Amino acid sequence: MSVTYLKRGKTEAARAEDDANTRSIVEGVLKDIEDRGDMAVRELSEKFDNYTPEAFRLSQEQINDLIGQLTERELADIKFAQEQVRNFAQAQRDTMLDLEVETMPGVVLGHKNIPVQSVGCYVPGGKFPMVASAHMSVATASVAGVPRIIASTPPFNGKPNPGVIAAMHFGGAHEIYVLGGIQAVGAMAIGTQTIDPVHMLVGPGNAFVAEAKRQLYGRVGIDLFAGPTETMVIADETVDAELCATDLLGQAEHGYNSPAVLVTNSRKLADATLQEIDRILEILPTAGTAKVSWEDYGEVIVCDSYNEMLDAANDIASEHVQVMTDRDDWFLENMHSYGALFLGPRTNVANGDKVIGTNHTLPTKKAGRYTGGLWVGKFLKTHSYQKITTDAAATLMGEYGSRLCILEGFVGHAEQCNLRVRRYGGVNVPYGEAAK
């Protein structure tokens, strides 16, 4: 058994150096926002986006004007995509039921699913206006019932992008800001003189946005660490090189550091895909980005067997995994570490990104080993409660609780239990002793 790399990307050491530089920059920017608030945000927007409007929050009049710049077809397409996202999010929400159960006579336990009370949704848009990201965060939070949803996106070509703003508005955002990058997520999480802080940050972004979310985690909740996009194609000879190359480069155009990996058991397909990638890069309008990303982060891995392909895929834990083999359902059954699966040649990552209804904010950098992507459940907190309704149950639980507290040396804890045994069971338990 063997695994052959026909192409490798940057080494782990080189990637780690990039991450360290990003960490240092983000730390300084977040401290500046904390120290100086709106003034820092305005200076950062001027520096990074060359954008300093009178106010970063859009008025309803500005929102209406931007929506009015879209054609009927564009508006219909946005609403269609958003409907698909809402429908799937609602179906997921319907599976999350409140619970109350009497576990024994007089002992009632339960849980309630309560929405996070305020969420900041970041929608990327520096290189491409990410209209779809507004559906994924804003509309999904709306389905979850979040009472305050604020959304922020960078200016595109120096001004708000009408498509993104429309999607935010239709999705249910209560406040819309035109702010990008670290200054956007920092302002939403930390708060400024004019922006009240939120309880949770969600949404994808570049390496700086992902690092800012990482550093802000704890002060606020986050959905997940969603850094630069990643894609993997798992393929055998049931498909051709054009499909593989197109699906790899279709995601590599996101940015200069977007890993794209082919895992196959066919050397013939691997070689043909490499040639096809070279051909497509000659004609792809976004080749200026995709070529750099492919050269630095692209990989081609040839395996001897489907089991080796599975092991390689689970180890890499890519954000998007496109499976095109003679056993797609076998991969569905056995894959355990990934962001989302796209099964069969009729399916593709772009549909998942834009319109099909599943959420495209997904774990990157191997985070798929311990979390799934953004979904309606991320905006809900499951809180437990308990109540004892009979004297007999209060006495029984008090007796067990008392003994277990004394076992650990918690006398004060034990007395909480003993008081109930005395009051509801008529049994006198001396202070500091376990109930018999």
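Is it true that some residue in the range 403-413 is touching a Ser or Thr at 6+ places or on another chain (Cβ under 9 Å), over 30 Å from residue 117 (Cβ atoms) and open to solvent by 60 Å² or more (accessible area, probe 1.4 Å)?
Within the range 403-413, the subset touching a Ser or Thr at 6+ places or on another chain (Cβ under 9 Å) is 413.
Right, trim to over 30 Å from residue 117 (Cβ atoms) and you get 413.
Those still in the list that are open to solvent by 60 Å² or more (accessible area, probe 1.4 Å) too: 413.
Yes: the range 403-413 contains one or more residues that are touching a Ser or Thr at 6+ places or on another chain (Cβ under 9 Å), over 30 Å from residue 117 (Cβ atoms) and open to solvent by 60 Å² or more (accessible area, probe 1.4 Å).
Please work out which residue is farthest from residue 155 (Cα to Cα), limiting yourself to the range 54-68 and to residues that are among the charged types (D, E, K, R) and exposed (fewer than 10 other Cβ atoms within 10 Å of the Cβ). I'd like the intermediate steps shown before the answer.
Filtering the range 54-68 for residues among the charged types (D, E, K, R) gives 54, 57, 61, 65.
Right, trim to exposed (fewer than 10 other Cβ atoms within 10 Å of the Cβ) and you get 54, 61.
Values: 54: 14, 61: 18 Å.
Per the stated criteria, the residue is 61.
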Practice item. Would you please list the contacts, defined by Cβ atoms under 6 Å and residues six or more apart or on different chains, that run from a residue in the range 237-266 that is closer than 23 Å to residue 283 by Cβ to a residue that is surrounded by fewer than 24 Cβ atoms within 10 Å (Cβ to Cβ) and acidic (Asp, Glu)? Key: 241/276; 242/276; 245/276; 261/299
Practice item. Collect the residues in the range 191-219 that are surrounded by fewer than 21 Cβ atoms within 10 Å (Cβ to Cβ) and of a type in the set (Val, Ile, Thr), keeping them in residue-number order. Key: 194
Practice item. Of all residues in the range 118-173, count the ones that are under 22 Å from residue 362 (Cβ atoms) and assigned to a strand (DSSP E or B). Key: 8
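Check the range 252-265 and report whether any residue there is in a helix (DSSP H, G or I) and open to solvent by less than 50 Å² (accessible area, probe 1.4 Å). Let's see the steps before the verdict.
Going through the range 252-265, the residues in a helix (DSSP H, G or I) turn out to be 252.
Next cut, open to solvent by less than 50 Å² (accessible area, probe 1.4 Å) only: 252.
So far as the range 252-265 goes, yes, one or more of its residues are in a helix (DSSP H, G or I) and open to solvent by less than 50 Å² (accessible area, probe 1.4 Å).
Got a number for residues in the range 9-68 being closer than 30 Å to residue 301 by Cα and either touching a Lys or Arg at 6+ places or on another chain (Cβ under 8 Å) or in a helix (DSSP H, G or I) (or both)?
Adding up the residues that qualify gives 11.
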Exercise for review: Can you give me the number of residues within the range 299-310 that are crowded, with 16+ Cβ neighbours inside 10 Å and either of a type in the set (Asp, Glu) or at pLDDT below 95 (or both)?
Suggested key: 2
Point to revise | residue 341 out of contact with any Lys or Arg (no Cβ under 9 Å at 6 or more places or on another chain), modelled with pLDDT of 95 or more and under 30 Å from residue 316 (Cβ atoms) | key: yes
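Just one of 247, 240, 223 is out of contact with any Pro (no Cβ under 8 Å at 6 or more places or on another chain), of a type in the set (Asp, Glu) and surrounded by fewer than 18 Cβ atoms within 10 Å (Cβ to Cβ); which is it?
Values: 247 fails: surrounded by fewer than 18 Cβ atoms within 10 Å (Cβ to Cβ); 223 fails: surrounded by fewer than 18 Cβ atoms within 10 Å (Cβ to Cβ).
Residue meeting the stated conditions: 240.
The values are calculated or read from the model by the stated rules, or taken from the named source; none is laboratory data. These figures come from a predicted structure and were not determined experimentally. Heads up, the Cβs are rebuilt from the backbone with ideal geometry, glycines too, and the neighbour counts pull from every protein chain shown. Accessible surface is based on the protein model in full, side chains and every heavy atom, while ligands, DNA and RNA are left aside. Shrake-Rupley method; radii C 1.70, N 1.55, O 1.52, S 1.80 Å.
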